[in-house]
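Before any comments, here is the structure.
The values are calculated or read from the model by the stated rules, or taken from the named source; none is laboratory data. Remember, predicted model here, so these are calculated numbers, not experimental data. Neighbour counts run over all protein chains shown; Cβ positions are idealised from the backbone, glycine included. Keep in mind that these areas ignore ligands, DNA and RNA; they rest on the heavy atoms of the full protein, side chains included. Shrake-Rupley method; radii C 1.70, N 1.55, O 1.52, S 1.80 Å.
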Amino acid sequence: MNIWEYHSIFFLVGLALFPRITLLFFASTPFGWLAWIGWVIAPHLLVAVLSLPFWDSNPVLVIIAWFFALAGTGGEGRLAASRR
């Protein structure tokens, strides 16, 4: 499975920077209840989990997705805690 056969660079940048909006309007995979929970709580982590089937063809992109997931989720948590 090659990620470039299914998605463009604009979609990948959108997932990295604006995961909720991109997944809401441009995801072609139907969401189940678990994906909706991920979309609400940790959208960066949801993107990283959805990238796992592409590990064989593009491991670098999967690693980048996991980096964004850990950095994005942690950064959002610190920002929310500092605004209290």
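I'm checking my understanding of the structure. Among residues of the range 17-41 that are open to solvent by less than 50 Å² (accessible area, probe 1.4 Å) and modelled with pLDDT of 80 or more, which one is nearest to W66 (Cα to Cα)? Among those residues, the one meeting the criterion is P19.
Of the residues making up the range 42-58, those that are in a helix (DSSP H, G or I) and open to solvent by 50 Å² or more (accessible area, probe 1.4 Å) are L45, V49, L50, L52, P53. Among residues of the range 49-69 that are within 18 Å of S8 (Cα to Cα), those with a beta-carbon under 6 Å from a residue that is assigned to a helix (DSSP H, G or I) and among the hydroxyl-bearing types (S, T, Y) at least six positions away or on a different chain give the pairs V62/S51; A65/S51.
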